[in-house]
Amino acid sequence: MQRHVNLFEPLELPCGAVLKNRIAKSAMSDSLGDGTGHPTAEQINLYLRWAEGGVAVSIVGEVQGNPGYAEKPGNLVLNEMSDLKSFRKLAENGGSNGALLWVQLGHAGALSYAPTSNPKGPSALDVPGLRCAEMSDDEIHQVPKEFARTARLAQQAGFGGVEVHAAHGFLLSQFLSPLFNKRCDNYGGPIQNRMRLLLASIDAIRAAVGPYFPIAVKLNSSDLLEGGFAEDEALQVVAALDQSSVDLIDISGGTYFPGAKSASDGSGHGPYFIQFAKRARKLTSKPLMLTGGFKTREQADEAVTSGAVDIVGLARALVLEPSLPNYWMKNRLREPAFPRFAEAPEGGVTAWYTMRLTEIGADEEVPEFGDLMLAVRDYDARDGARAEIWRSHFGNDTVALK
Ligand SMILES: Cc1cc2nc3c(=O)[nH]c(=O)nc-3n(C[C@H](O)[C@H](O)[C@H](O)COP(=O)(O)O)c2cc1C
């Protein structure tokens, strides 16, 4: 009979690292980098707040190895040009109170922030709101090396693990998706080819960090786009990951493709993607994490105690209440009040949550929900200002690897 696991039991990953409980702060691009790819004091405080709030692991979203393909100008950039001092401080604070702080290895590919990039993806695209060139073989071969370099530096700076971002329509997710990937070489066509870059990236990272360092993969169960990456193919990727050296598969879905449905804007009843997780469970013995739509302790308990997944990933709930795990652990039931936004513009909800992260980092959060359109305006203005700093700092420098 299956043993019923409690939300507050520890979990040992295949590499030997132990998570103190089953609650993760899912990757969020917090837009709190200083524009030169380095952490700010607010960002360091934000991860301290989450660590003190009781999470087992926090994942810093969209940490770039190559500044040429960032998702936003508030991303961190970790490569040999980086000053590791502030990264060490971030790792130390985000790793306090027994928490682990992981970095999410990002490369936005076709969705790279246009004001600071020349976006490139698996195939050239020219559709409303999205234009990119096709990557060359050499550029593809660089990608695993860049991820490995960033992972190694993260390890040296004191971070507790990495997550490879293969979800939400960014580079590795574009390679997986038949909608973005029209290549006719070893990286396109059947799913075995489309997952080649992801698997090569994992191998390169593992070789760089050794056997005892956690490597997770965030994977879409589906792009939620017609003709895109869908569940049956995602299950084939899960089966392949089962044979790889990853420690954790973090299941998500949706993309930030213009006009598409992203998980961070979702308002449906959660948890999302749980049926997929149950199918994935039959194909892998790797620990599974599920991110998307958790709003209550009951939902989180049920996902873990039922054996569907090993860890629940929370993003927006931990923006609304950074200390939620502590409240849940002490049975002081405090469910976050989720704001409802009528007629939010595309990306508006994500912008609102991002600005809330800024308030938490500055210890300025107020109980009332601020104005959505004001948040979007502040978010865009800040990105505009950071893009200037980014361009003057990085120029056209994309830090080539030998
Ligand atoms: C402000 C914000 C930024 C996000 N940035 C990232 C990111 O950098 N990487 C990532 O994998 N997911 C990112 N997400 C998506 C979340 O990790 C998560 O998949 C999604 O919000 C659904 O989970 P939730 O219902 O718990 O919010 C972001 C979400 C929000 C709200």
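Taking the criterion of being away from the ligand (no atom under 16 Å from the Cβ), of a type in the set (A, V, I, L, M) and in a loop (DSSP other than H, G, I, E, B), the residues of the range 6-35 that qualify are Leu13, Ala17. For beta carbons closer than 7 Å, sequence separation of 6+ or different chains, a first residue in the range 68-83 that is open to solvent by less than 10 Å² (accessible area, probe 1.4 Å) and a second that is among the charged types (D, E, K, R), the qualifying pairs are Pro73/Asp383; Pro73/Arg386; Gly74/Asp383; Gly74/Arg386; Asn75/Glu62; Asn79/Arg149.
Of all the listed residues (Thr350, Thr305), the sole one being among the hydroxyl-bearing types (Ser, Thr, Tyr), in contact with a helix residue (DSSP H, G or I) (Cβ under 8 Å, 6 or more places away or on another chain) and within 25 Å of Gly270 (Cα to Cα) is Thr350. Residue count for the range 55-81 under the criterion of being more than 15 Å from the ligand (Cβ to nearest atom), in contact with a strand residue (DSSP E or B) (Cβ under 7 Å, 6 or more places away or on another chain) and among the small types (Gly, Ala, Ser): the result is 1. Kindly indicate whether any position in the range 36-46 is part of a loop (DSSP other than H, G, I, E, B), within 15 Å of the ligand (Cβ to nearest atom) and open to solvent by 10 Å² or more (accessible area, probe 1.4 Å). No: the range 36-46 contains no residue that is part of a loop (DSSP other than H, G, I, E, B), within 15 Å of the ligand (Cβ to nearest atom) and open to solvent by 10 Å² or more (accessible area, probe 1.4 Å).
A Cβ distance below 9 Å, combined with a sequence gap of six or more or placement on separate chains, defines the contacts here; from the range 108-128, residues that are on the phi > 0 side of the Ramachandran plot reach residues that are open to solvent by 30 Å² or more (accessible area, probe 1.4 Å) in the pairs Gly109/Tyr69; Gly109/Lys120. Counted as qualifying within the range 255-373 are the helices (runs of 4 or more DSSP H) with 1 or more residues that are away from the ligand (no atom under 13 Å from the Cβ), namely 274-281, 297-305, 324-329.
Just need a number here: residues in the range 169-196 that are outside any loop (DSSP other than H, G, I, E, B) and surrounded by fewer than 24 Cβ atoms within 10 Å (Cβ to Cβ).
Counting residues in the range 169-196 that are outside any loop (DSSP other than H, G, I, E, B) and surrounded by fewer than 24 Cβ atoms within 10 Å (Cβ to Cβ) gives 4.
Residue under question is Ala204, and the condition is that it be away from the ligand (no atom under 16 Å from the Cβ), in contact with a helix residue (DSSP H, G or I) (Cβ under 9 Å, 6 or more places away or on another chain), open to solvent by 20 Å² or more (accessible area, probe 1.4 Å) and at negative phi; does it hold? Write out each step before concluding.
On the way: away from the ligand (no atom under 16 Å from the Cβ): yes; in contact with a helix residue (DSSP H, G or I) (Cβ under 9 Å, 6 or more places away or on another chain): yes; open to solvent by 20 Å² or more (accessible area, probe 1.4 Å): yes; at negative phi: yes.
It is true that Ala204 is away from the ligand (no atom under 16 Å from the Cβ), in contact with a helix residue (DSSP H, G or I) (Cβ under 9 Å, 6 or more places away or on another chain), open to solvent by 20 Å² or more (accessible area, probe 1.4 Å) and at negative phi.
For the range 329-351, a residue qualifies if it is more than 17 Å from Gly293 (Cβ to Cβ) and surrounded by 20 or more Cβ atoms within 10 Å (Cβ to Cβ), and exactly one does: Ala351. Just to be sure, is Ile251 of a type outside the set (Gly, Ala, Ser), under 25 Å from Leu105 (Cα atoms), under 20 Å from the mean Cα position of the chain (by Cα) and within 12 Å of the ligand (Cβ to nearest atom)? Against the criterion (of a type outside the set (Gly, Ala, Ser), under 25 Å from Leu105 (Cα atoms), under 20 Å from the mean Cα position of the chain (by Cα) and within 12 Å of the ligand (Cβ to nearest atom)), Ile251 qualifies.
Pro115 satisfies every condition listed in (1) farther than 18 Å from Gly161 by Cβ; (2) open to solvent by less than 40 Å² (accessible area, probe 1.4 Å); (3) more than 16 Å from the ligand (Cβ to nearest atom) except (2).
The values are calculated or read from the model by the stated rules, or taken from the named source; none is laboratory data. All figures in this text were calculated on a predicted structure; none of them were measured in a lab. Quick reminder, even Gly has a Cβ in these numbers, built from the backbone with ideal geometry, and neighbours come from all protein chains shown. These area figures cover heavy atoms from the full protein model, side chains too; ligands, DNA and RNA do not enter into them. Shrake-Rupley method; radii C 1.70, N 1.55, O 1.52, S 1.80 Å.
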